[in-house]
Structure formats: structure tokens, C-alpha cells
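Participant: One structure coming up, written as C-alpha cells, with questions to follow.
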Amino acid sequence: MGLLGGLRVLDLTMWRPGPYATQLLAQLGADVLKVEPPGGEPMRAFRGHFDLLNRHKRSIVIDLKADAARCRELAADANVFVEGYRPGVADRLGVGYDAVRAVNPRIVYCSISGYGASGPLASLPGHDVNYRAYTGTVPPDDGGHEFPVADMAAATMAAFAILAACHKGGGERIDLGMADVLANWAGTVPVTSAPPPGGSGPGRGRGPVPGYGVYPAHDGGKVSLGVVSEDRLWSATCRALGLDHHAGLSFPERLSRAEELDRDISEKIAALPRDTVVARLTDAGAPVAPVLSPAEVRTVDHFQQRGVIDGSPVRTLLDPPLPPGRAPDLDGADGWTHTPTE
């Protein structure tokens with residue numbers, strides 16, 4: 001039956017972070033029901049990835065725009081509800097925290113987003129490469145496409161937070177930002193006087209699709225772009241960089257012309273300073289982030305407001321994590337008192 005046998009998890013997530021979090025629960029025996037849109041989640045186009053991240057689950061198709069009530073009915077019988085939309089989307093679809101809690105006050109409701117539900121960066125779109133760039137965890141010469149550290153770290157932290165809430169007895173709201181987890185990790189490393197990333201590096205993003213990866217700017221800084229299959233993010237990127245003639249290309253067309261398109265993006269970015277590129281792309285709604293050094297990460301207002309660098313990356317509504325404290329002394333009196341059992 002597994003350690004989590006009897007735990008019912010309603011999973012509305014897509015791509016990698018949420019599905020991996022719920023798979024961790026499924027592997028320990030939880031009954032995970034995956035809610036997919038008509039036609040299935042986009043990750044099914046990358047079947048090798050999809051199969052690895054969705055083992056031990058069941059699936060149901062629900063068009064939330066037309067039948068959110070069906071999803072809420074399922075939530076009424078669930079212990080855990082996990083969603084991975086940008087902040088505000090779940091509410092608009094009728095499956096936000098308040099709507100779900102109304103039918104199940106003891107639900108553990110977990111939201112996994114790029115930058116969390118609050119803070120100056122909360123509404124920005126993005127993918128793994130952007131969260132690593134903003135948190136100083138992209139090596140200077142990294143193309144930004146190898147191991148998806150932010151995705152997997154956030155998924156693991158989400159599973160941990162969900163189980164902590166279940167252990168308490170349910171009834172919790174978890175707000176987990178992928179970038180928060182990496183910023184918290186970065187906070188465990190002493191800050192040095194190393195200069196910001198720059199200098200030589202890859203001449204183009206080198207990601208799996210055009211518009212995904214790390215790109216050098218004119219002033220030696222670098223930016224990350226996180227376009228995958230999303231047409232609106234591709235269009236926003238092109239228009240911000242003056243590549244309007246590429247803006248209407250479909251995802252299959254972009255895949256077939258990846259090298260050419262990525263070269264065009266690289267050339268446009270290479271002609272501008274890093275902060276100018278970030279400002280233009282951010283204003284256009286594109287998934288962009290500056291590649292920051294660990295020292296720069298500590299100056300980002302978003303992470304300061306959310307208190308994640310020196311505090312916990314897990315944010316809960318009813319029982320917040322403990323504030324930063326001191327480390328225990330060796331052989332000190334910091335342990336608990338043992339009470340013998342009869």
C-alpha cells in the first residue's frame with residue numbers, strides 16, 4: 001500500500017515541477033489523479049519526459065473553462081490539491097484556494113509558481129532557466145539547458161511541504177516559488193567579491209528550442225530566455241527585440257528553424273546592455289531574467305520582500321515556518337527531553 005496509502009492527491013500541474021512533486025507522493029503510495037485539459041497536457045508532446053514524470057498516477061480530462069465544478073467535486077474528496085498556474089489563474093478558472101477550501105476546509109492546497117504568489121516578480125512568466133538566472137545559480141559559461149535544477153528542487157520542496165501539512169492534519173495553503181527555493185539555497189553560501197557573470201561564453205542560447213537559454217549582452221552581462229512551446233511568449237520576445245517578422249511562427253516551425261532563429265535572437269541581444277534587454281522583454285511580457293551573481297541575488301527586492309534568502313522558501317498561511325535561528329552547540333542543551341515509555 002505504501003507509506004502514503006490512502007492519501008488522495010488531485011494534480012492540476014503540467015510540465016515538470018508539479019508532476020515531479022506529485023510523482024514523489026505517488027511513489028510512496030498516494031493515489032494521484034492527474035487533471036488534464038482536452039487533448040492532454042503539453043508535455044505529452046515530449047513523451048519521454050512525460051512518461052518519466054507521471055508514473056503511478058491516474059488521469060482524467062476536464063475542461064476547467066467549462067466545467068470547473070467537476071474539479072471542485074473531486075477536490076471535495078481529496079486530501080491534497082496541487083496547481084502550477086501563474087498567480088491568479090487558478091482563481092479565474094474557479095479552482096483557486098478559496099473556491100476549493102469552500103468545498104473542503106481540510107484540504108492541503110499547494111501552489112507551485114515561478115516566483116511565488118506575491119512580490120514584484122510574481123506575475124512574470126518563465127521557466128527553469130529564468131529562475132536560475134535570477135538566483136545566481138547559472139554558471140558563467142552555462143547554456144542554461146542541462147539539468148532543470150529549479151524545477152526539481154521546487155518539486156522536492158513542494159512534496160516536503162505537502163507532507164508536513166498532512167502531518168499536521170490538513171487545512172493549509174502552501175505558496176511555493178521555484179526561484180524562492182534556489183534563492184534560499186544561495187543564502188547558504190557565503191557571499192564573495194566575485195564579479196557578476198560575464199566575459200566569454202556561448203554565442204547563442206543552445207537550448208532545446210529557439211529562445212531558450214543564456215545569451216550574452218553587449219556590456220558583458222547575460223540574460224536568460226525561457227520560451228518553450230508558448231506562442232504568446234515567443235511573439236512577445238520577437239516584438240520586444242525587433243524581430244516582428246518571426247513573431248507569428250508556430251512551435252513546429254520554430255523547431256524546424258531553431259538554429260537560424262536562435263542566431264537572430266542572439267544578435268539582437270548582443271547589441272544591447274543586459275539591463276536594457278531585461279527591461280524591454282519584461283515590459284513585453286516575455287520570460288526573461290538577468291543572470292545574476294550570488295551577491296546580486298541578495299539585492300533583488302522580490303526575494304527581500306518574501307524573506308526567502310535567510311528564511312524558509314516554504315510559505316504557508318496558517319502555520320508559518322520558524323524564523324531564522326542559531327545553530328546548536330556541540331553537546332549543548334538544544335535537544336529535546338527524552339520521556340521513557342512504559
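The values are calculated or read from the model by the stated rules, or taken from the named source; none is laboratory data. Note that the coordinates shown come from a computational prediction; the quantities given were computed from them, not determined experimentally. Here the Cβ is made from the backbone with ideal geometry for all residues, glycine too, and neighbour counts use every protein chain on show. Surface accessibility is based on the protein's heavy atoms, side chains included, excluding ligands, DNA and RNA. Shrake-Rupley method; radii C 1.70, N 1.55, O 1.52, S 1.80 Å.
Participant: Would you please give the FRET efficiency between Arg232 and Leu322, computed as 1/(1 + (r/R0)^6) with r the Cβ-Cβ distance and R0 = 35 Å, to the nearest 0.05?
Facilitator: According to the calculation, E is roughly 0.30.
Participant: Could you rank Tyr109, Tyr97 by how accessible they are, 1.4 Å probe, largest area first?
Facilitator: Result of the area sort, largest leading: Tyr97, Tyr109.
Participant: As I understand it, the dipole of the chain uses +1 on the Cβ of Lys and Arg and -1 on the Cβ of Asp and Glu, about the Cα centre. Which of Val89, Tyr215, Val108 lies farthest toward its positive end?
Facilitator: Val89
Participant: Now for a separate question. Taking the Cα centroid of region 287-316 and of region 38-59, what is the distance between the two, rounded to the nearest whole Å?
Facilitator: A separation of 31 Å, based on Cα centres.
Participant: So, one more: Could you check the simple spin-label distance between Ala271 and Asp98, using points 7 Å along Cα→Cβ, in nm with one decimal?
Facilitator: Label at Ala271, label at Asp98, 4.7 nm between them.
Participant: Amide H of Gly114 versus every other amide H placed in the peptide plane: which residues, excluding those fewer than 5 positions away on the same chain, fall under 5 Å?
Facilitator: Under 5 Å from the amide H of Gly114: Met178.
Participant: Using only protein heavy atoms and a 1.4 Å probe, report how much of Leu255 is accessible, in Å² to the nearest 10.
Facilitator: 80
Participant: For the chain, what is the percent of antiparallel DSSP beta bridges, rounded to the nearest 5?
Facilitator: Taking every DSSP beta bridge with both residues in the chain, the antiparallel ones total about 35 percent.
Participant: Which aspartates and glutamates does Lys65 reach when only Cα atoms under 16 Å apart count, and residues fewer than 8 places away in its own chain are ignored?
Facilitator: Filter leaves Glu36, Glu41, Glu73, Glu83, Asp91.
Participant: Keeping all protein chains in place and using 1.4 angstrom, which order do Asp219, Asp262 fall into by accessible surface area, from largest down?
Facilitator: In descending accessible area the options line up as Asp219, Asp262.
Participant: Please identify, among Thr22, Thr137, Thr282, the residue showing maximal mean-square fluctuation in a Gaussian network model of the chain using a 10 angstrom Cα cutoff.
Facilitator: Maximum among the listed residues: Thr282.
Participant: Please give the solvent-accessible surface of His56 in Å², to the nearest 10, using a probe radius of 1.4 Å with every protein chain present.
Facilitator: 130
Participant: Output the peptides 82-95, 222-235 sorted from most to least packed, where packing is the average of other Cβ atoms within 10 Å over each peptide's residues.
Facilitator: Packing order, densest peptide first, comes out as 222-235, 82-95.
Participant: Under 27 Å between alpha carbons, and skipping anything fewer than 8 positions from Lys222 in its own chain: which lysines qualify?
Facilitator: Excluding near neighbours in sequence, the set is Lys268.
Participant: Which sequence of Thr299, Thr276, Thr156 reflects their accessible areas, 1.4 Å probe, from the largest down?
Facilitator: Ranked list, largest accessible area first: Thr299, Thr156, Thr276.
Participant: Could you name the lysines whose alpha carbon sits less than 29 Å from that of Lys168, not counting residues in the same chain fewer than 8 places away?
Facilitator: List returned: Lys34, Lys57.
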